[in-house]
Structure formats: structure tokens, C-alpha cells
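A quick write-up on the structure given underneath.
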Amino acid sequence: MKETNLYQGHCVVSDTFDVTHMIVTAIPSIPADDTTLESQLEEALHQIRDCLQNHADHGEIVQQTIFLKYYEDREKCQQFLRQWYGEHLPVNVYVPQAPCEGQRLAMEALLVLNQKEKDYVVEHKRENLLVSRHSGVTWYYAAGQEPRHGERSIYSQSVESFQDLDRALESVGVPFENVIRTWLYLGNITEPAWNELEGETQRYKELNRARSDFFRGIRFFDGMMPKEPSHPVYPASTGIGGNGDTLVMSALAVRFDTPESGIILPLENPQQVSAFDYGEVYSLKSPKFARALLLATEGRGIIFVSGTASITDSESRYENDPVAQTELTLENIAILIEESNLERHGQKGFGCGLNEMAVARVYVKRQEDYPAIREVCERKMPNVPKIYTIADVCRPELLVEIEGIAFTGRKNRQS
């Protein structure tokens, strides 16, 4: 795996699959108040372009996640990106979270390089849906923005958003049971909400109730796992806060060309209770997600690490200590992706180290904790591209949450 710094852009290139992947984090160098939205977009897009030109003569961006200080900028962003990319517009997910260093935006882009020389196809179905095919797998990138009926309860809005993602995937013939990763951004995540069962509750708990109800009866990864699971299985996921009352969802689904093309394996952490087994003290309906998920094809794979925090068993640890919370959070991720845990799950050879991850998103609850949290992250995984944003975490006492992606398996990475 090769990593390169350009300006504040940071990219990792991996040959793990039959095509080369690049992940770029692009962060403008000028704070938001000293420049325009257009200038920040141009700088971030030039960082992505320069990373591409340094590694390949051609590439396709399949998805971009844009973290916005001012969520009302999203429409201008989309107009700008339509003109920039034309018919090659990637799926863009707009997240209402401010970058920690004051920029108006920060971007994370996923690219596939040199696909004209490979057995690779990309189809831009519409602005919120893109389909790509390579390595014996079809990949479906779907994005949804705010629910159409924002005045309804957060439970109803959440169900509606899941239904919208389901309809988008259904339009290209893939069932929701093939979703391997979801991202759920919920404004005011720990604020009060109300339902007819509990009375006053919490917005995140209502999101969990909606997710549980929507997932009921879905047999995730049916026929795609190496063996019949002994416990419930769900996609990897992040449920994190955002500015205002906004709800944003996106998802990644896959389909194998043949049953022999690959496997999907949800991963759990031996020092944590599985989220779907949490007691009602945390939520009337437990959070339905896997701690991480491995997709593997012919000895090569990718691990999607769910949003991870300072929790062992099912208890939050190190209240009001951002350094200790960050260290435990990274320890939890390291345990998830290390070789011993992959071997424990029956997939020897797919483990990797914390500093071998391809990208990480670090969600910081309090701006004043950012320097301390950043120091731990840069010390523990100095070679990993990262984006740091301000976001509330699902429990009031948790100060940081981290998610990421790791390319793993056969050691064919660039060095």
C-alpha cells in the first residue's frame, strides 16, 4: 500500500482487488471565514486530481463524502460538482459536520484507477446511485439526503429514509439483504424524543427502533457467508450525530457474480458485547449492526470498521477523559482487525494492523478535545489518512468515535 501527502490531501493506493483503489482525504488549507465555498471546493478537488495524476493516467471517482460546516451549502456544492464532473458525477454524500480545523468543508473520495485496462464497468444510474463491477463483485453505492417529511417523528423519518434506500437499490435489482455497510447521520442525536411505548426517550433510540423494525425479517447475506451463523448478522454501520435536526443515510450493497466469487463475514470484538445484544437500558430496540465486516474474494479483502467508541463489555469507559477514550477506541479497532480475530472468525490470513488501515474518520464531540484526540490518532496510526469532524456521539459520556476501512488479505499492496 502506498501513501502520499499532497497539500493537506492524503491518499492511499491499494492493489488488493483486480483493480487499483485510491482513497483520498482532501482538506482545504484556509479556514472557512477567510475564503469562499467555491474556493474551498476547488482546492479540495485539485488535491484529489493531483493524487490521481501522481498514480495513474485515468481513474473514476465512485463516491465522495463531503463534510460541511454549513449544511445549507450542500445545494451549491452539488451544482458545482455537476459542472466539475459532468457525466462522471460520483455519488455525493453531504454530512452536516464541521471539520475540526475550521474549514468550510472536508472531502473523502474513493477512486478506481486504470479501469480502462481492466475488466471494470461503472454505471451512473442517477445522482444518488452508482453501480460498479470488478473482481467478480457488483458494488452499489446509494445515498439519501433529508427525509421528505421533516415534520414527522424521528422514528417515521428513519423508516422513510431506509425505505428510500431500499427503493433505490430495488431499482437496480439488488435486495436490501445485500447491504454490507450503512452510514446514519442524525442531528441532535442524544436529544429527547417521544414515542407511544416509552413516552420521552432519545432520538438515537428512536433511530434504533426504526432500524430494528425495518430490518425485521431481512436475512442479511443469505448464501453469501462461509457458513451458517450462530447469531444474528447485520451490516457494518455508523450512527453518529450531525448539526441541526438533519437525518442523512447512505449505504453500500454488493452482489457476487457467482456464489464462489466471494464471501461476507460480520466480525465481532471479543472484549465487547455485540451491539445487537445490548440490554434495554441502552435502547428499547438494540442497535442492529456488526462491529466490522469483511468482504473477501480469492484471498483478498476489505474490512469495513463500524463506528467504534470507548466501550468494553457494554459499558462506556473513561468518562471525561478524551485521551483514554481515544486510546481504548483504537484498541477496540485493533482487536477487530488483527489476525487473531480474523482467525477466530475462520478467515485466517485477512488480519492487519491499525496503521495498515486505508482511511479513518474521527468524530470529536467537543472542539476543545480535538488536539488531544488528534495526537493519539497520529501517534497510533501515523500513515492513515484521516478526517476529523465535530459530531455528537450516541451516548452523552462518549467523547470520540472512529470508523475506517482496511484493505487486507493477499500481500500485493504497493509499498
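In plain terms, if you count all Cα to Cα distances in the range 240-346 and split them into 10 Å steps from zero, the share in each step is 12, 36, 36, 14, 2 percent.
Note on the range 273-400: the alpha carbon radius of gyration divided by the globular reference 2.2 N^0.38 Å gives 1.08. Simple spin-label estimate for K76 and D34 gives 1.9 nm between the two label positions (7 Å along the Cα-to-Cβ direction from each Cα). With the whole protein complex present, H88 retains an accessible surface near 90 Å², based on a 1.4 Å probe.
Over the C-alpha trace of the range 1-98, radius of gyration and Dmax come out as 13.8, 43 angstrom. Taking the convex hull of the alpha carbon positions in the chain and averaging its projected area over all directions gives 18.2 nm². For the range 155-241, the fraction of 1.4 Å probe accessible surface lying on carbon and sulfur atoms is 45 percent.
Given a Förster distance of 30 angstrom, what is the FRET efficiency for W84 paired with N383, based on the Cβ-Cβ distance and rounded to 0.05? E between W84 and N383, to the nearest 0.05, is 0.55. The listed residues I302, I390, I30 rank as I30, I390, I302 when sorted by accessible area, largest first, using a 1.4 Å probe.
Run a plain Debye calculation on the range 46-157 (Cα atoms as equal point scatterers, no solvent) and give log10 I(q)/I(0) at q = 0.17, 0.22, 0.23 Å⁻¹, rounded to two decimals, same order as the q list. The Debye formula, applied to the Cα set alone, gives -0.93, -1.31, -1.37. Electrostatic tally near G307: other residues with Cβ closer than 9 Å to its Cβ, Lys and Arg +1, Asp and Glu -1, net -1.
Across the chain, Cα pairs under 8 Å and at least six residues apart give a relative contact order of 16 percent.
Averaged over residues, the count of other Cβ atoms within 10 Å places the peptides 175-184, 70-79, 156-165 in the sequence 175-184, 156-165, 70-79, highest first. At a Cβ-Cβ separation cutoff of 4.7 angstrom, cysteine residues of the chain with no neighbouring cysteine are C77, C100, C352, C377, C394.
When both the range 335-352 and the range 237-269 are represented by their alpha-carbon centers, they are found 20 Å apart.
The residues of the range 123-211 expose, per residue, 38 Å² of accessible area to a 1.4 Å probe.
A simple spin-label model places pseudo-atoms 7 Å from Cα toward Cβ; at H46 and E200 they are separated by 5.2 nm. With bins 5 Å wide beginning at 0, the percent of Cα pairs of the range 342-415 falling in each bin runs 3, 14, 22, 19, 15, 12, 9, 5, 1. Its DSSP H runs of at least 4 residues, each contributing -39,500 (n - 2.57), put the calculated 222 nm mean residue ellipticity of the chain at -7000 deg cm²/dmol, to the nearest 500.
Its Cα gyration tensor gives the range 170-326 an equivalent ellipsoid. The semi-axes, each the square root of 5 times an eigenvalue, are 28, 19, 15 Å from largest down.
The values are calculated or read from the model by the stated rules, or taken from the named source; none is laboratory data. Here the structure is a predicted model, which means the values were calculated and not measured. Please note: Cβ atoms are built from the backbone with ideal geometry, for glycine as well, and neighbour counts cover all protein chains shown. Accessible surface is based on the protein model in full, side chains and every heavy atom, while ligands, DNA and RNA are left aside. Shrake-Rupley method; radii C 1.70, N 1.55, O 1.52, S 1.80 Å.
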